[in-house]
């Protein structure tokens, strides 16, 4: 199983020039400095597994928390540190004893983590606030927090340990942070369409940073022209004195073979090999690094087929072994590197939640048939792990901002225009021009007639186990509490005043944004659609001017706003995009009152919404009560 298509690659001599360490760039995998153990972060299962690389077996599986997203060895071990994204913590584990040592609270949404060679410092990216936290690993305390960009995920430590390089998730921009001053001292920006960058790795000898990500071409809704896999290579010290970068289209990198959703890249310790895994097509490129400041890399053979949804790749310190984490097989696969050859897979954890949830996530993440015929697009390309891609797309019906999926199980109908009443209606998206897939339902479905909501007439639930599984996964996302509150269930003074304005009948926000999810969305017909004066803003609009009311929970991190994304901030929603007071009466509010109202909106949710309401749908994952 998972045998390499590159099994007969020519052997290339490999001379190590430096003792590169895996832990200097963020990943769900990290190799101990002596190469004897793997730290494996099981994001969906909420655990960390410790794997003996010689015996190829799991020594411990340790419960960590809700959605860990990065791990690093501390010095030579046995201590390791792991970020827990949904619990705002870094967890220290003793890998010899297989137990948690300490939970350290940090800022919101900790994602990537790296540590220095002697095990005295670690640095963590925090996505929503766009900050980097520095941790003293001896005392296990936070030393400082550095503002370094927006929506930070990727992080790497320079070979001389003087700088950090961090990446923005939604732009693939790179920032350099000087560790002495704690300030951003340089930055690199790629193409305006660059999107969804989770990682950065630095060359051990040359001033190069490698970022795998996608590009979102928002003006095109087509399976062969909307979303592309890319590798951006930034020159951290430009060879000609000017900042430059090279961008390599990975969909045409292998001729006519398309790869989708590049997740992570790894370099061999000598910097001569580059490995890139693709979470949407379950494969990996092996590339030769070229020291030419022009072509940069070239493929070696055909892409290697790996397990389902690969999300991490690492190389052993001696360069002889390669490790790939297949997140939806729940395995780490071992490969030899010269030539690349599959050796063995080790199961690192049990599948979480339910078999239907796992199957649904596999379908959601896949760009292969029957989800997509041309392999460019997966559901996860626009809704990564339930988040938005932060983009406004020129859809056939008009401009549409990609909404996050949190709370979807309780806020049906679906889409800004409420033209779908069940997630299973995305069978139409699978069969559409965008994905061009075969679909999950056997046989034909009612044909679309222009912009009429055909999906509301066609009952899709219960017709396909796979389609129902896709709905169960898609309806599974819930909210974490806002970071803009002093404590769970409490509001700041400003937000408290804003709450009174929000529920003031004269202002009228709560007229439509009602109930525990702050929306009057309901599956009772006729649907509650509203004309808030925005339908005429977009000359390409075909369906408006009435739209469904979006939930306000989590609105603090989901800019831009409104169906067409023309409100760049929450204040714009209340002012420049509400000139006629159709979206609540706000024109009479004073500047400080507007500030208070914005603070209240940023505080949502300040308490957990109910797990079930009269509008909650059937197809969702419900945790068993302990």
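Within the stretch 422-438, the only residue that satisfies the criterion of being touching a helix residue (DSSP H, G or I) at 6+ places or on another chain (Cβ under 6 Å) and surrounded by fewer than 22 Cβ atoms within 10 Å (Cβ to Cβ) is 428.
Could you grab me the full set of residues in the stretch 433-468 that are over 16 Å from residue 619 (Cβ atoms) and either free of Cβ contacts under 8 Å to residues at least 12 places away in the same chain or assigned to a helix (DSSP H, G or I) (or both)? Correct list: 443, 444, 447, 449, 450, 452, 454, 456, 457. Among the residues of the stretch 291-327, those identified as under 21 Å from the mean Cα position of the chain (by Cα) and under 23 Å from residue 25 (Cβ atoms) are 306, 307, 309, 310, 311, 312, 313, 314, 324, 325, 326, 327. In this entry, residue 573 is excluded by the filter for residues that are under 26 Å from residue 470 (Cα atoms) and touching a strand residue (DSSP E or B) at 6+ places or on another chain (Cβ under 8 Å).
When residue 376 is tested against the conditions (1) outside any loop (DSSP other than H, G, I, E, B); (2) out of contact with any helix residue (DSSP H, G or I) (no Cβ under 8 Å at 6 or more places or on another chain); (3) crowded, with 22+ Cβ neighbours inside 10 Å, the lone failure is (1). From 63, 54, grab the single residue that is farther than 30 Å from residue 621 by Cβ and either outside the structural domain of residue 384 (by TED's automatic domain parsing) or surrounded by fewer than 19 Cβ atoms within 10 Å (Cβ to Cβ) (or both). Testing whether each residue is farther than 30 Å from residue 621 by Cβ and either outside the structural domain of residue 384 (by TED's automatic domain parsing) or surrounded by fewer than 19 Cβ atoms within 10 Å (Cβ to Cβ) (or both) leaves just 54. Looking only at the stretch 229-248, filter to residues that are surrounded by fewer than 22 Cβ atoms within 10 Å (Cβ to Cβ) and within 12 Å of residue 194 (Cβ to Cβ); which one of those is modelled with the highest pLDDT? Selected residue: 247.
Just give me the residues in the stretch 143-178 being touching a residue at least 12 places away in the same chain (Cβ under 8 Å), part of a loop (DSSP other than H, G, I, E, B) and more than 19 Å from residue 110 (Cα to Cα), in sequence order. Listed by number, the residues that qualify are 158, 159, 161, 162. Against the criterion of being in the same structural domain as residue 314 (by TED's automatic domain parsing), outside any strand (DSSP E or B) and either touching a strand residue (DSSP E or B) at 6+ places or on another chain (Cβ under 8 Å) or surrounded by fewer than 24 Cβ atoms within 10 Å (Cβ to Cβ) (or both), residue 205 qualifies. Within the stretch 119-136, if we keep just the residues that are at pLDDT 95 or above and not in a strand (DSSP E or B), the residue that is surrounded by the fewest Cβ atoms within 10 Å (Cβ to Cβ) turns out to be 120. Residue 524 passes every criterion in (1) part of a loop (DSSP other than H, G, I, E, B); (2) touching a residue at least 24 places away in the same chain (Cβ under 8 Å) apart from (2). Filtered by the rule that a residue be more than 14 Å from the chain's Cα centre (by Cα) and in contact (Cβ under 8 Å) with a residue 40 or more places away in the chain, the stretch 196-207 gives 200, 201, 202, 203, 204, 205, 206. Kindly establish whether residue 215 is part of a strand (DSSP E or B) and either under 22 Å from the mean Cα position of the chain (by Cα) or under 28 Å from residue 71 (Cβ atoms) (or both). Criteria met by residue 215. Applying the selection to the stretch 291-315, what residues are over 21 Å from residue 334 (Cβ atoms) and out of contact with any strand residue (DSSP E or B) (no Cβ under 6 Å at 6 or more places or on another chain)? The answer is 291, 292, 293, 294, 295.
Is there a residue being assigned to a loop (DSSP other than H, G, I, E, B), within 25 Å of the chain's Cα centre (by Cα) and either surrounded by fewer than 17 Cβ atoms within 10 Å (Cβ to Cβ) or free of Cβ contacts under 8 Å to residues at least 40 places away in the same chain (or both) anywhere in the stretch 352-363?
Scanning the stretch 352-363 turns up at least one residue that is assigned to a loop (DSSP other than H, G, I, E, B), within 25 Å of the chain's Cα centre (by Cα) and either surrounded by fewer than 17 Cβ atoms within 10 Å (Cβ to Cβ) or free of Cβ contacts under 8 Å to residues at least 40 places away in the same chain (or both).
A residue that is over 30 Å from residue 542 (Cα atoms), surrounded by 16 or more Cβ atoms within 10 Å (Cβ to Cβ) and assigned by TED's automatic domain parsing to the domain that holds residue 540 occurs nowhere in the stretch 565-578.
The criterion of at least 1 residues that are in contact (Cβ under 8 Å) with a residue 24 or more places away in the chain and under 20 Å from residue 385 (Cβ atoms) is met, among strands (runs of 3 or more DSSP E) falling completely within the stretch 224-343, by 227-235, 262-267, 273-278, 310-315, 321-326, 331-337.
Residue-level check: of (1) under 20 Å from residue 276 (Cα atoms); (2) part of a loop (DSSP other than H, G, I, E, B), residue 139 misses just (1).
The values are calculated or read from the model by the stated rules, or taken from the named source; none is laboratory data. Note that the structure is a prediction, hence the values are computed from the model and not measured. Counting neighbours? That spans all protein chains shown, and the Cβs are built from the backbone with ideal geometry, glycine included.
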